[in-house]
1. Give the order of 166, 156, 120, 30 when sorted by the count of other beta carbons within 10 angstrom, beginning with the fewest.
2. Within 10 Å of each residue's Cβ, count the other Cβ atoms and sort 114, 55 from fewest upward.
3. Looking only at 132, 88, 158, which one moves most when the chain is put into a Gaussian network model with springs between Cα atoms under 10 Å?
4. Under the definition of Cα pairs under 8 Å and six or more residues apart, what whole-number percent is the relative contact order of the chain?
5. Can you report the principal axis dimensions of the stretch 21-196 using only the alpha carbons, biggest first, rounded to whole angstrom?
6. Can you give the relative contact order of the stretch 106-191 as a percent, counting alpha carbon pairs under 8 Å and 6+ residues apart?
7. Please give the length that would be gained between residue 190 and residue 88 if that part of the chain were fully extended, namely 0.36 nm times their separation in residues minus their C-alpha to C-alpha distance (nm, one decimal).
8. Mind giving me the FRET efficiency for residue 32 and residue 144? R0 is 25 Å, r the Cβ-Cβ distance, nearest 0.05 is fine.
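We did not get these values from a lab; they are worked out from the coordinates using the rules stated. A quick note: this is a predicted structure, and the numbers were derived from the prediction, not measured. Heads up, the Cβs are rebuilt from the backbone with ideal geometry, glycines too, and the neighbour counts pull from every protein chain shown.
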Amino acid sequence: MALSVAAAVIGGILLGWAALPPAAGPLLDTAVTYLLAALVFLVGVDIGGNRDAWRQAAAIGPRLLLVPLAVAAGSLAGAGLAGVLLAMPVSEAVAVGAGFGWYSLSGVLIASARSVELGTIAFLANIARELMAFLLIPLLVARLGKLPAIAPGGATTMDSTLPLITRVTDAPTALVAFISGLVLTAAVPILIPLILAI
């Protein structure tokens, strides 16, 4: 699965670089939006129809929030460490990490709150996180189990990486991933301004 995802991403990059005319960009964005919406809808139907997954989630209760809290803590700590290693202000590095993979919003928020340069770094770092998640999720499932595979996707586990998580794990894990992505997505527009205000 990891090889298939890697081949698809690399093939798409090469095709886009070599053969996509600039005028096709908006059309491609629209197509991607609709295809992603269709994928997420079908995953939602699968999760919604799985009564056992909902019963298991209800049994876990508020402990479900431990997953997004752990993902957020690891992301922020890792970004802070990267800031120290790269000799950049730790608050700026942590703000980039607080995008949790949501590259479009985090780049815009940081660019408007701090600088275009930092916004560009946020955009690139968070898009890299999403691309790496596609490669890492199947490997983590094989090596560490289902739950750790949620972490790389961050906020994207409620949309773009959810179909992959559903494919390589099971319905209960996909439900946890969706809830984690939802919580992290909601946290992004709150955390980034707070961090940059420090």
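1. 30, 120, 166, 156
2. Starting with the residue having the fewest Cβ neighbours, the order is 55, 114.
3. 88
4. Computed value for the chain: 25 percent relative contact order.
5. 47, 42, 29
6. Result for the stretch 106-191 is 23 percent.
7. Working: separation 102, 0.36 × 102 = 36.72 nm, distance 2.22 nm.
Going from the current span to full extension adds 34.5 nm.
8. So the FRET efficiency works out to roughly 0.25.
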